[in-house]
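Every read-out reported here was derived from the displayed coordinates using simple, explicitly stated rules and does not represent laboratory data. Bear in mind the structure is a predicted one, so any value in this text is a computation, not a measurement. A quick note on method: Cβ atoms are made from the backbone with ideal geometry, for glycine too, and the neighbour counts reach across all protein chains shown.
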Amino acid sequence: MTLLAPLFLLGLLAVGLPWWLHRLNLDKPPEREFASTMLLEPADSLSSQETRLRFRWLFSLRTLLLALLALLFAQPVFKQLSAIVSDARAQQLIVIDTSFSQNLEGRWERTLDIARQLLDDAAAGDSFRLIAASAQLRQLDADGSLESAREAINTLQPDLTRLDYGRIANAIEPLINASQLPVHVHLISDLQASAMPKSFSDLNIDNAASFTLHSTASADDSNTSISARLLGIRGQRASLAAVITNNSDATLNTKVSVFAGGSELASKDLSLQPNTSTTHQFGDLDTREAGDHLELRLAGSDALADDNRALLALPAQLRSDVAVLQASQNSLASLYLSAAIESDPRFAATELRLAAISSAAAGSLLLIPDAAALSDSHAADLQDYLENGGNALIAAGARPHSVRMRGLLNESAAPSINRDRELQPLRVAQVDSTHPVIAGQDEHWRDLIISQRTRLQLDEQTRVIASLSDGAPLLIEREIGKGTMLLLSTALDSSWSNLAVSPVFVAFALRSLEYLSDDFSIDAQRAIGETLSVSGGTQVLDPAGESMRALADLSQRASIELNVPGIYTVENALGSRYLAVGIDPRESDITTIDDNIQTQWRAVGDNSEQPSARDNSAAASNEIAEESSSIHRWLLPLLALLVFLEALFSHRHLWIRREA
């Protein structure tokens, strides 16, 4: 037997209390002189031996009661040995990096050699689980045996996507927690510095029996890569910047060329210093023959040829009209929103009257600077517009809403109390940095000051994009029928917030337009492995011109995986837009993690010295396991019985005293 809390046995000292009390009760009463007992009526006297016996029983019950109570608090547990049911001694969880950088000459061969060696070195009876890790982490089909693990490894090949090490811990922790065996985690990777997450704590792997890093990088590895961004375009003349990276210890002389439709537009000879990046700008390029993209190439070849070429998608030469609902004459909210739209040459703000809310008048996109201006009938028109596939960006406004509008916005209270002026202005506390409207703008959103906002109710169909320090949502996305609504819970008014005059406002307005209209031309460079979120009514064509969405699914918002390099075409009511998908530049940077960081990572991930519920490898090696069973369920009824008997004997003892 083992005690989980042996210090509670000090409670046995309380046994002295009933002993002392019972000693007091045994004292003889003082004698008093009395004139004569002749006049007293005789009474039955009890045997002194019988009285002492009953008293000792009461003392014994009270002593046993206190001792049992102390024993219960000490939590006695009986341990016994039992045979292990499974023949497996441990589980080997092998995570294999299959990202683009593993295509570097020699790395993949080293990866396979390490994986096969791990299988050979495993103890007899171990089970195996294999994870291929890149943009998506997937478990390889295997039954846990050594033979199936070998076959699964032989089917693996590196792809063109990027790996983020922070995603590994989140993906494998459920597998570790579900295992009844100690899990030994092995990561086979080239340990790229660019794959490290923002927070070092994201690397922590809990409950693993051990964690081991296996590096496939070599000191002789080198790579040269190119990426590009469009700086501007006027008419048919474009300017761009090319970024060339030399990941080697030697100076490299190379040539960068820009092509349009197979013809070379410009070129530049460059001398690249060791382990540096160089930026060169090309200006005033004639794009008349370019079609939908420009192509940049690095002369020569190296072990990673796919990143020696970069594509730049060109914006379609058209200006899209965006309907802005005019709530009232000289509305500052409408002025702010229209000015933000007009700052981008792709868009033109057009005025739309309240009575013209319909798909025919507004098209597929509608901006509402002040939702408080909509009456019940206008709110009904807006709901029909959204349910039929329209998309809207809506600001709550600074006045109470109509009853129908409150229902559409899902406000949580009546107009008289649904707006709060806080004693202290609120800040943006949390943002969904993965949402396209906010991505990369997190810090600017946190600088906003919100004095008042409309209280909104949240449901399962609501996605919170930004929330305030009191937990209330500031920006949400909600699907209504076939349409999408972005709702800002504050007003474009200086008494409500500083959003309209903050640096983030123009970016917010334009990104909302791009998101709701699926216009990606401002961010037309994407990496292989990313997903593209498109609204209902938008079709996506892959580089081969094949439709990526079935006609039956076009009415709903969808996520499209960009898994092939090339130029994608996005088509909707606003026209055609082009998207260039290529290698993520971070994956081309083969710089490895610093040795000190690797040491810290190993220390964070390795739990071999910490006790774990699943770390029973010592017991497993002897084919026995230790089981614990508590005796609380037996002691508690006994304690209840003693309490009852003690009360019964106490009552009987007092009755005897009264009779005497």
remark   = log10 I(q)/I(0) for the stretch 223-314, Debye formula on C-alpha points only (no solvent), q = 0.14, 0.19, 0.22 Å⁻¹, two decimals, reads -0.47, -0.81, -1.04
request  = Identify the trypsin sites (Lys or Arg not before Pro) of the stretch 258-308 meeting these criteria: DSSP loop state and at most 15 other C-beta atoms within 10 Å of the C-beta.
outcome  = 288
query = Considering only the stretch 521-582, what is the antiparallel percent among its DSSP beta bridges, to the nearest 5?
reply = 85 percent
query = Which whole-Hz ³J(HN,Hα) couplings does the stretch 499-509 yield from phi under the Karplus relation 6.51 cos²θ - 1.76 cosθ + 1.60, θ = phi - 60°, glycine and proline marked x?
reply = 4, 5, 10, 8, x, 7, 5, 4, 4, 4, 5
query = Given Cα pairs under 8 Å that are at least 6 residues apart, what percent is the relative contact order of the stretch 421-527?
reply = 25 percent
inquiry  = Taking a ≥ b ≥ c as the square roots of the Cα gyration tensor eigenvalues, with a/c under 1.5 meaning rounded and otherwise prolate when a/b beats b/c, else oblate, which class fits the stretch 320-495?
reply    = rounded
query = Relative contact order for the stretch 521-582: what is it in percent, counting Cα pairs under 8 Å that are at least 6 residues apart?
reply = 43 percent
task = Order by neighbour count: 531, 484, 279, fewest other Cβ atoms within 10 Å first, most last.
result = 279, 531, 484
query = By count of other Cβ within 10 Å, fewest leading, how are 162, 399 ordered?
reply = 399, 162
request  = Take the alpha-carbon centre of the stretch 183-213, take the same for the stretch 531-565, and report the distance between them in whole Å.
outcome  = 34 Å
ask   = Which order do 202, 381 fall in if you start with the one that has the fewest other Cβ atoms within 10 Å?
value = 202, 381
